[in-house]
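Notes to accompany the following structure.
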Amino acid sequence: MTFLFTHPRARYRLTSSTMLIGLAAVISLPSLVVAQDAEKKATQLETITVTAGGNGQAQTISEDNDTVVPTRSVSALKTDTPLVETPRSVSVVTSKEIEDRGATDMIQATRYTSGVTTGAFGFDPRFDQIYIRGIETTTSGDFRDGLRQPIMTYGSFTTEVYTLDRIEILKGPVSVMYGAASAAGIVNRISKMPLEQDHHEVELQYGTIGRKQAAFDFGGPINDDIFYRVVGLVRDGEGSYDITDDRYLLQPSLTWKPDDSTTFTIYGLAQRGETAASAWSFLSDGNVELYTDPDYNSQKTEQYQLGYQLEHEFDNGLTFRQNARAGDVDLKAHYLNRVFVNPDNTWPTTAVTDSMRTYQIDNQLEAKFDTGAISHTLLTGLDYTWVTSDFAMGSGSILPGAVTDARIPTLASFTRSDLNQTGIYAQDQMEFGNWRAVGGLRYDWAHQESAVRGSGSADAKDDGVLSGQAGLLYLFDSGVAPYASYGTSFVPSTALSADGTVLNPTKGRQIEAGVKYQPEGKNYSLSGAVYRLVETGKPQYDRSFLFSENSGENTYTGVEVEGRTEFGNGVSLIAAYTYADAEITGNNDKSLIGNAPSTVPHHVASLWVNYLMSDDTALTGLSIGGGIRAVSESYKSDANTAKNPGAVYFDASLAYDFGAKSPELKGLSLAISASNLADRREQVCTDGYCYIGQSRTVIGSLKYKW
């Protein structure tokens with residue numbers, strides 16, 4: 001663990017002049033776009049006045065969210081492409097699925113997806129602990145609206161599920177499109193953005209253990225050209241084991257669409273929350289205890305994001321997009337350790353602060369053209385990422401009886417980390433007959449600096465890495481689509497080694513083969529994949545737990561199957577199975593080679609079934625859902641000396657639409673969701689750190705839409 005987007009477009013012949021136009025447009029500012037003069041047949045710059053505005057891709061996929069069987073993805077290739085024509089493994093969690101299951105956080109929302117495991121660090125609301133294919137994606141796989149939400153040292157951007165439209169999970173290396181991204185893949189959170197229809201929603205929640213929440217989602221047209229959306233939430237919450245879960249947020253967005261070819265959306269997020277600074281827990285006489293004291297365990301975070309999405313489609317088939325966002329995270333935390341006491345019988349205390357600033361911009365130019373019998377969708381791009389983090393720690397001690405009045409330790413250790421990364425990429429999607437092929441290349445320039453103030457420990461590092469991907473798929477008329485793909489990844493590191501130097505980057509490579517089945521117009525899909533994924537040079541803590549070192553090489557081989565369907569009788573089903581075989585194939589500690597990495601179960605299976613009563617019954621409007629999740633045993637550490645036990649968990653939901661029977665109550669609904677019905681509190685250990693899984697939670701929700 002590390003603390004520290006189809007409407008049809010005209011096709012044209014590719015010429016050298018259009019390629020030059022493309023390269024120029026990729027680096028242009030949002031106030032400038034390329035246009036062709038139809039009479040003069042010459043290229044000139046046309047000015048667009050930008051005032052506000054959603055992304056055309058986002059508007060397209062919004063229609064794909066009223067089902068648990070999605071058909072398209074905007075993340076996998078950065079183009080609006082059918083899932084069945086995408087030669088890589090992709091899973092999509094729609095807003096309907098989130099609502100059917102009553103998911104309240106990212107962990108709950110993604111855990112019925114193949115290739116995904118959660119809970120490696122038990123119940124820990126500080127981070128979205130999501131593993132893909134056995135590799136954690138917390139630090140380098142967290143993306144929102146196509147841009148990374150980075151973690152540099154400790155502080156992170158946290159995502160409230162209520163603010164999302166859908167979640168797209170890309171499995172395996174995606175650095176060609178996204179630059180610094182986990183070898184395992186990414187979880188791309190798609191935000192709620194303005195729609196062209198009026199919609200209003202308010203929701204009240206109450207649940208165990210002490211959750212009280214109010215939320216709203218309002219939006220629609222202001223006039224023919226401008227659309228808005230405002231999402232807000234207030235929560236006074238307490239999760240399992242006396243861990244606070246408070247949150248307040250406001251997420252406004254505005255879309256300006258002056259014509260059918262141009263959209264511009266500006267959006268923001270202001271969020272404040274409090275949770276635990278330490279979630280480290282243990283079992284004592286059958287009871288769950290925290291290593292810290294709940295009265296001296298606080299992590300307060302403020303985060304702000306401001307961004308925009310610009311899209312302009314030209315008459316000649318070119319589409320220009322620009323996606324930019326600035327972000328800010330300020331964190332203050334403190335906790336104590338009441339298990340490992342000092343020699344003078346005092347409790348050690350720790351204080352942490354982190355201030356992170358980010359800026360990212362992704363310029364894209366998409367061209368559609370034909371060369372003979374081959375149809376191309378060429379995407380070229382230039383992106384830039386800047387991240388800086390000021391991290392500080394302090395330590396002290398208190399007497400056990402003086403927790404309430406205890407002082408927060410003075411900060412004594414200060415670390416500054418900076419990252420500048422620029423990437424240029426190109427991807428060609430080719431269609432010839434029933435064949436679909438994808439090829440892409442990217443080159444990244446990364447500059448990193450890290451320094452420990454006052455110690456003289458500082459280092460700067462420059463990296464340049466070429467990433468690539470290739471895929472081939474054949475789409476049978478029946479909807480069966482076998483494919484094969486290969487990809488590489490690259491993540492620069494800002495972690496310092498004990499000698500003060502910045503670590504080498506983490507790299508990954510994967511070969512994958514699979515088959516998809518999704519007949520056009522049908523409400524079912526089936527996908528399966530086999531893969532071999534190798535990750536090298538991932539940072540891990542050294543023995544001091546203050547510095548890091550490159551870990552070596554881990555190899556992951558696995559099989560994934562996922563099926564989704566909606567029957568005509570009101571029954572919907574989501575099933576997933578994952579087999580993973582992980583091995584340490586290179587490590588600084590030679591004794592670990594041949595072992596399995598910690599907390600990677602061989603088998604993970606899940607099944608969710610939802611039944612909506614038909615209109616001709618007395619129970620019209622009632623919906624019942626149930627799920628089962630099974631996880632096999634895993635090793636507690638890389639040393640493989642002990643195992644975490646396997647476990648089976650049960651979830652359920654119940655919802656009633658009052659308007660189904662009483663038209664005057666249209667839009668009013670009541671839902672109850674339960675997670676971990678049997679209240680299994682399994683202990684999970686990862687390299688010496690042991691945590692307890694989340695206890696049973698039951699949440700009631702009263703919602704009104706109009």
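Only the coordinates and a few stated rules stand behind these numbers; no lab work does. This structure is a prediction, so every number in the text was calculated from the model and none was measured. Don't worry about glycine lacking a Cβ; one is built from the backbone with ideal geometry, like all the others, and counts go over all protein chains shown.
Results, tabulated for the structure shown:
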item	result
Ascending count of other beta-carbon atoms within 10 Å, so fewest first, for 695, 572	695, 572
Projected label distance in nm at residue 515 and residue 466, using a 7 Å step from Cα toward the beta-carbon	3.5
Hits among lysines - C-alpha to C-alpha of residue 78 under 27 Å, sequence gap 8 or more where chains match	96, 171, 192, 257, 368, 507, 516, 522, 538
Helix-derived mean residue ellipticity, 222 nm - over the chain, DSSP H n ≥ 4, -39500 (n - 2.57), to 500	-1000 deg cm²/dmol
The chain - charge dipole about Cα centre, Lys and Arg +1 at Cβ, Asp and Glu -1, debye rounded to 20	640
D (Stokes-Einstein, µm²/s), Kirkwood Cα radius, the range 12-705, 1.002 mPa s at 20 °C	81
Positive-end residue of 631, 612, 276, charge dipole of the range 12-705 with Cβ unit charges	631
Where labels lie 7 Å past Cα in the beta-carbon direction, separation of residue 302 and residue 546 in nm	3.1
Relative contact order [Cα under 8 Å, 6+ residues apart], the range 489-634, whole percent	16
Cβ-based exposure ranking for 475, 665, in which fewest neighbours within 10 Å come first	665, 475
Simple label model, 7 Å out from Cα along Cβ direction - residue 609 to residue 246, nm	4.3
